[in-house]
1. Check A59, A52, A81 and return the single one that is in contact with an Asp or Glu (Cβ under 6 Å, 6 or more places away or on another chain) and surrounded by 12 or more Cβ atoms within 10 Å (Cβ to Cβ).
2. Given the criteria at pLDDT 95 or above, buried (at least 20 other Cβ atoms within 10 Å of the Cβ), more than 13 Å from the ligand (Cβ to nearest atom) and of a type in the set (D, E, K, R), does R252 qualify?
3. Where the second residue is in a helix (DSSP H, G or I) and near the ligand (Cβ under 6 Å from one of its atoms) and the first is without any contact (Cβ under 8 Å) to a residue 24 or more places away in the chain and on the phi > 0 side of the Ramachandran plot and lies in region 154-170, which pairs have Cβ atoms under 6 Å and are six or more apart or on separate chains?
4. Go through region 34-86 and give me each residue that's farther than 14 Å from F205 by Cβ and either polar (S, T, N, Q) or outside any helix (DSSP H, G or I) (or both).
5. In region 151-174, which residue that is assigned to a strand (DSSP E or B) and surrounded by 16 or more Cβ atoms within 10 Å (Cβ to Cβ) is farthest from the ligand (Cβ to nearest atom)?
6. Just need a number here: residues in region 114-150 that are exposed (fewer than 15 other Cβ atoms within 10 Å of the Cβ) and part of a strand (DSSP E or B).
7. Confirm whether Q121 is within 18 Å of S247 (Cβ to Cβ), at pLDDT below 95, out of contact with any Pro (no Cβ under 9 Å at 6 or more places or on another chain) and not acidic (D, E).
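The values are calculated or read from the model by the stated rules, or taken from the named source; none is laboratory data. Bear in mind that the values here come from a model prediction, so they are computed numbers and not experimental data. FYI the Cβ positions are ideal-geometry reconstructions off the backbone, even for glycines, and counts take in every protein chain you see.
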Amino acid sequence: EALIHLDVRVARLGSRYVMVLADDRTDSYRLEETRRDFIANISHELKTPIGAISLLAEALEPASDDPEQVRRFARRMGTEATRLSQITREIIELSRLQATDVLSTAKRLDLDGIISTAVDQNHVAADARGMTLAVGGKKHVAVDGDETLLTLAINNLIANAIQYSPDGSRIGIGVRLEEGVVELSITDQGIGIPEDDLPRVFERFFRVDQARSRNTGGTGLGLSIVKHVVQNHGGDIRAWSQMGQGSTFTIRLPEASNSAAALQGEKR
Ligand code: ADP
């Protein structure tokens, strides 16, 4: 029983407004469209580094007399190959996530342990830029889920906070527990996200501004992965941001043993 969406568009013709009944797309049609967009995005994202590697390989031979040039091309090829493998890894991660039912194999997990693993994974990057990762808030909170996936989600949020913040700034990681809902917030003092872009940051391949990306460049998949992990755990994620002041990403998960009821009950 597919729902029928009537998509009404208003087109302006001369000085008169004309209403156009654009289409009546079903949910399955939309799903198919999303899938097609995703594949188109993937091929675009893969073509860029592959194209660069091919060009560099072609340029390598005529440059063989110039060792400095050869070294430069080789380094660039290495960078592009790293990017290619990062994109591939994240795409695989994302498709795996879309096909898993985390809650059916969930284990009771101590959030402190997961946070400290994710913090450890980011320590080198934070130290290198003189940044502080400060963990605070409620201790010994338990959630039901997949340890690897939750660690990955928190790790992605901390890595973003580091990437989009100035050297020497502070990143706060805090836990709150209220009526069976666990709230984990990651707050940075970074560059912020424009208000118009905020709702889109969880979309696959969405990047606020290509120019922001550092040398290696982001893939735009990180937050989409986080969103899927959180949703697979029966939770949700929200973001707040103020340009030039910083951003906060808050994951909400049901506390262990409360199942998803607390979050769902609240939404009703
Ligand atoms: P990317 O790989 O580009 O970091 P993400 O999906 O993780 O992709 O994030 C999407 C975009 O959202 C990023 O390109 C960046 O512009 C913006 N963004 C994410 N986290 C932050 C943050 N903490 N501060 C500012 N901008 C952020």
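1. Details: A59 fails: in contact with an Asp or Glu (Cβ under 6 Å, 6 or more places away or on another chain); A81 fails: in contact with an Asp or Glu (Cβ under 6 Å, 6 or more places away or on another chain).
Step by step, each of A59, A52, A81 is checked, and only A52 is in contact with an Asp or Glu (Cβ under 6 Å, 6 or more places away or on another chain) and surrounded by 12 or more Cβ atoms within 10 Å (Cβ to Cβ).
2. Numbers: at pLDDT 95 or above: yes; buried (at least 20 other Cβ atoms within 10 Å of the Cβ): yes; more than 13 Å from the ligand (Cβ to nearest atom): yes; of a type in the set (D, E, K, R): yes.
It is true that R252 is at pLDDT 95 or above, buried (at least 20 other Cβ atoms within 10 Å of the Cβ), more than 13 Å from the ligand (Cβ to nearest atom) and of a type in the set (D, E, K, R).
3. Partner pairs satisfying both residue conditions: none exist.
4. Once the filter is applied, which keeps residues that are farther than 14 Å from F205 by Cβ and either polar (S, T, N, Q) or outside any helix (DSSP H, G or I) (or both), region 34-86 yields S54, E61, P62, A63, S64, D65, D66, Q69, T79, T82, S85.
5. Taking region 151-174 first, the residues assigned to a strand (DSSP E or B) are 170-174.
Remaining after also requiring surrounded by 16 or more Cβ atoms within 10 Å (Cβ to Cβ): 171-174.
On the way: I171: 9, G172: 12, I173: 12, G174: 15 Å.
Of everything passing the filter in region 151-174, G174 is farthest from the ligand (Cβ to nearest atom).
6. Matching residues across region 114-150 total 3.
7. Working: within 18 Å of S247 (Cβ to Cβ): no; at pLDDT below 95: yes; out of contact with any Pro (no Cβ under 9 Å at 6 or more places or on another chain): yes; not acidic (D, E): yes.
No.
So that you can scan it fast, the table gives a plain yes or no per residue for (1) under 19 Å from I87 (Cβ atoms); (2) modelled with pLDDT under 95:
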| residue | (1), (2) |
| --- | --- |
| I158 | no, no |
| G168 | no, no |
| G174 | no, no |
| E179 | no, yes |
| S213 | yes, yes |
